[in-house]
Amino acid sequence: MTFLYKADPARGEIWARLFAQRAPELAFRVWPDVGDPASVRYLAAWQPPEDPVRTLPNLEIIFSVGAGVDQFDFTGIPRHIPVVRMMEPGIVEGMIEYVCQGVLSLHRDLFDYAHQQQQQVWRERPLRPASACRVGVLGLGMLGTAVLERLRLFGFDCAGWSRSPHTLEGVTCYAGAVQLDAFLARTDVLICLLPLTAATQGILDASLLGKLPRGASLIQTGRGAHLRQDDLLRLLDAGHLRYALLDVTDPEPLPPGHPLWAHPRVRITPHIASATRPETAVEAVIDNLARHRAGLPMIGEIDRELGY
């Protein structure tokens, strides 16, 4: 049996070395070196081949090398093949670091101080306690929950919103469309960690962002297609929103000359908030293979109706 890796080749070499140590009974190959296609049972990919079953006729499982699966074309993946998104500590820790630095930078006025530095201005701003900053996370999956658990340790007033009810210690939880407006009204820093589905595409539009308090900021670490970029620009220019920190855009990268590149109240990073770490990712995949062989549910297996 063969495990096939189809993503960044440099990472694939690390995966191959780790698989040789942890699962020597499996042949490991890195795309496009497929070997015998009929021997491939497992595929880890950012994007699977166009017609995976025709290419790999005995495929049993597809693993996403990322936390999401919105980049997959499910029309070519039969329903009998489970698709498993990556749920491993490396992705979680990276996202915690990125979001916390963003919230702390906004709270401690570091974006404003950067503008002052450019103007050679030395002026103190009022220092507020973390408890005066109301942080809200859209999406209470693995990443959203972990981010809130860390943010509340700084003393921020934390809340989360999700499609279905959740309970988190020290976090005010809102659920469903009926509670979304109340969640937005109490949020000074909005963090998007939603999965990208038909229901969430374009969710960060003028209607939603306009319900945030005047002077609120956005940290967008979900997917680029969540955000209506023209709506964001209008709200920033009108002064309703203070800052936007964008790790994802649509498209990626933005075309040269796009107004978000040079906007004084926008910071852009190139989709680097978090990434799988080969050591912990391989461990998570091998553990899931053991669960699969034992007839147990795999951690991260998606519900195709929900899209995550």
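Looking at Gln119, Gln47, Gln71, which is the one that is assigned by TED's automatic domain parsing to the domain that holds Gln201, of a type in the set (S, T, N, Q) and either farther than 22 Å from Ile219 by Cβ or modelled with pLDDT under 95 (or both)?
Every option except Gln119 fails the conditions.
Could you check how many residues of segment 84-111 are acidic (Asp, Glu) and either crowded, with 16+ Cβ neighbours inside 10 Å or not in a helix (DSSP H, G or I) (or both)?
The qualifying residues number 2.
Looking only at segment 239-259, how many residues end up being in contact with a strand residue (DSSP E or B) (Cβ under 6 Å, 6 or more places away or on another chain) and farther than 22 Å from Thr187 by Cβ?
0
State all residues of segment 39-57 that are surrounded by 13 or more Cβ atoms within 10 Å (Cβ to Cβ), farther than 22 Å from Pro278 by Cα and not aliphatic (A, V, I, L, M); if no residue qualifies, say none.
Within segment 39-57, Ser39, Pro52, Thr55 qualify.
Among the residues in segment 118-141, are any outside any strand (DSSP E or B), under 26 Å from the mean Cα position of the chain (by Cα) and aromatic (Phe, Trp, Tyr)?
No, because not a single residue in segment 118-141 is outside any strand (DSSP E or B), under 26 Å from the mean Cα position of the chain (by Cα) and aromatic (Phe, Trp, Tyr).
Inside segment 8-38, can you point out the residues that are surrounded by 15 or more Cβ atoms within 10 Å (Cβ to Cβ), of a type in the set (Gly, Ala, Ser) and free of Cβ contacts under 8 Å to residues at least 60 places away in the same chain?
Answer for segment 8-38, where residues must be surrounded by 15 or more Cβ atoms within 10 Å (Cβ to Cβ), of a type in the set (Gly, Ala, Ser) and free of Cβ contacts under 8 Å to residues at least 60 places away in the same chain: Gly12, Ala16, Ala27.
Restricting to segment 164-202, give me the number of residues that are farther than 30 Å from Gln71 by Cβ and either modelled with pLDDT under 95 or of a type in the set (Asp, Glu) (or both).
Residues that pass the stated criteria total 3.
Here is a list: Leu241, Leu235, Leu227, Leu254. Which entry is within 17 Å of the chain's Cα centre (by Cα) and assigned by TED's automatic domain parsing to the domain that holds Thr197?
Step by step, each of Leu241, Leu235, Leu227, Leu254 is checked, and only Leu227 is within 17 Å of the chain's Cα centre (by Cα) and assigned by TED's automatic domain parsing to the domain that holds Thr197.
The values are calculated or read from the model by the stated rules, or taken from the named source; none is laboratory data. The structure presented is a predicted model; accordingly, all values stated were derived computationally and were not measured. As a convention, Cβ positions derive from the backbone with ideal geometry for all residues, glycine included, and neighbour counts pool all protein chains shown.
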